[in-house]
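What follows is a single structure, written as structure tokens, with notes after it.
Every read-out reported here was derived from the displayed coordinates using simple, explicitly stated rules and does not represent laboratory data. Note that the coordinates shown come from a computational prediction; the quantities given were computed from them, not determined experimentally. Neighbour counts are summed over all protein chains in view; Cβ atoms, including those assigned to glycine, are modelled from backbone coordinates with ideal geometry.
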Amino acid sequence: MSILHRASFYTSAARLDQLPPPGAPEVCFVGRSNAGKSSAINVLANQKRLAFSSKTPGRTRLINLFGIPDPLDPEQPLGFLTDLPGYGYASVARDAREEWAEVLGAYLRQRTSLAGVVLLIDIRRGVTDLDRRLANWIAPTGKPVLALLTKADKLPYGQRIKAVFAVKKELADIGALNAVPFSATQRIGLEEADRSIVNWISPQVVP
């Protein structure tokens, strides 16, 4: 069983200064509204309703932390999955979008416990201008990035491979980038994604 299956809700925060002090490794999930972020978190955690998606996309403004208990000391978190607000939905006022952008950017630049970033991109859309903006925040941090190309079941295998190459080319300035076709409904790419995230939280010693 993956350690991600033990994830449970820990806390929510509207601002960075409301988060608990940096400590155990955090893996954040970020993506354009409607990219399938909540579905990805839920399937990785093997839970149906751990992460919620708002009925009105782009309205979820909270940073949500899900704790993963340490098997040796269940009272202490081994790490966290951090669900960052979705970005870029057209129906949200521009000033509100900019406010969220500042929160996202500040978290990515300043959160010292951040171990890795899961960037969700709709495989049918490719890298949008907003994804590119996010990548500009991530690249200088040097943090590793797992790009999950969601809704991969909507494309045949050959097109999925082309999409991976295209994303890797467009986001080449993110040094440590792995791109994986992913589908929450068909469980495509689930094992590879789980392996990357678990290794960020609890690095495996390779002999």
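For the pair E191 and L62, what calculated FRET efficiency results from E = 1/(1 + (r/R0)^6), where r is the Cβ-Cβ distance and R0 = 25 Å, to the nearest 0.05? Intermediate values should be presented prior to the final figure.
On the way: r = 30 Å, r/R0 = 1.19.
Result of the calculation: an efficiency of 0.25.
With only the Cα atoms considered, the range 113-167 has a convex hull volume of 81 Å³ per residue. For the peptides 130-139, 163-172, 117-126, the ranking by mean Cβ contacts within 10 Å, running from highest to lowest, is 117-126, 130-139, 163-172.
Projecting the Cα atoms of I197, L171, L114 onto the charge dipole of the range 97-207, computed from C-beta unit charges around the Cα centre, puts L171 farthest toward the positive end.
Among all the lysines, which ones have a C-alpha under 16 Å from K154's C-alpha, if same-chain residues fewer than 8 places away are not counted? Qualifying lysines at Cα under 16 Å: K162.
A simple spin-label model places pseudo-atoms 7 Å from Cα toward Cβ; at R125 and H5 they are separated by 3.2 nm. Cross-link reach is defined here as a Cα-Cα straight distance under 15 Å, omitting same-chain residues fewer than 8 places apart; for K37 the aspartates and glutamates meeting it are D83, D122, D131, D194. Plainly put, the chain has a radius of gyration that is 0.94 times its Kirkwood radius, both from alpha-carbon atoms, as the Rg/Rh ratio.
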